[in-house]
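Asker: So that we are looking at the same thing, I have put the structure below in structure tokens.
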């Protein structure tokens, strides 16, 4: 019976040793995987660092080019800016007064032109021309001629 116990003990010891060896091998594989992942992570970090440095250099070059273009633009003002700098404020004030005076004279002359057009529409209508013919002769719209005729009739009736 002791032989039976000794044999079972030896078999159990062998199974235990086999299990320990398997666990040790699995643990070594996990350590190897961790090491590989660390290496890959370090390589990726290195690549990202290189990429970021490259982007930083490109951005610095771009900013430098923009600042050079801006300095060139500042150094060489546009012709419009040069003209604005050359015209004194007094001349600007005179020009504004001149424009206002010209604008006010244009406002006074505009109503008689409208009156002349309305009178011409009335005259052509009295001569027997149709609304379409009047519109073609005066280069006006048909509805514009009709409205002018209606307004002239209202003005005569009141």
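The values are calculated or read from the model by the stated rules, or taken from the named source; none is laboratory data. Computed from a predicted structure; not experimentally measured. Virtual Cβ from ideal backbone geometry, glycine too; neighbours counted across all protein chains shown.
Asker: Is there a residue being loosely packed, with under 10 Cβ neighbours inside 10 Å, at pLDDT below 85 and outside any helix (DSSP H, G or I) anywhere in the range 121-131?
Answerer: For the range 121-131, residues loosely packed, with under 10 Cβ neighbours inside 10 Å, at pLDDT below 85 and outside any helix (DSSP H, G or I): absent.
For every residue, the table says whether it meets (1) at pLDDT 90 or above; (2) assigned to a helix (DSSP H, G or I); (3) surrounded by fewer than 10 Cβ atoms within 10 Å (Cβ to Cβ); (4) at negative phi.
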residue	(1), (2), (3), (4)
50	yes, yes, no, yes
57	yes, yes, no, yes
83	no, yes, no, yes
95	no, yes, no, yes
107	no, yes, yes, yes
153	no, yes, no, yes
156	no, yes, yes, yes
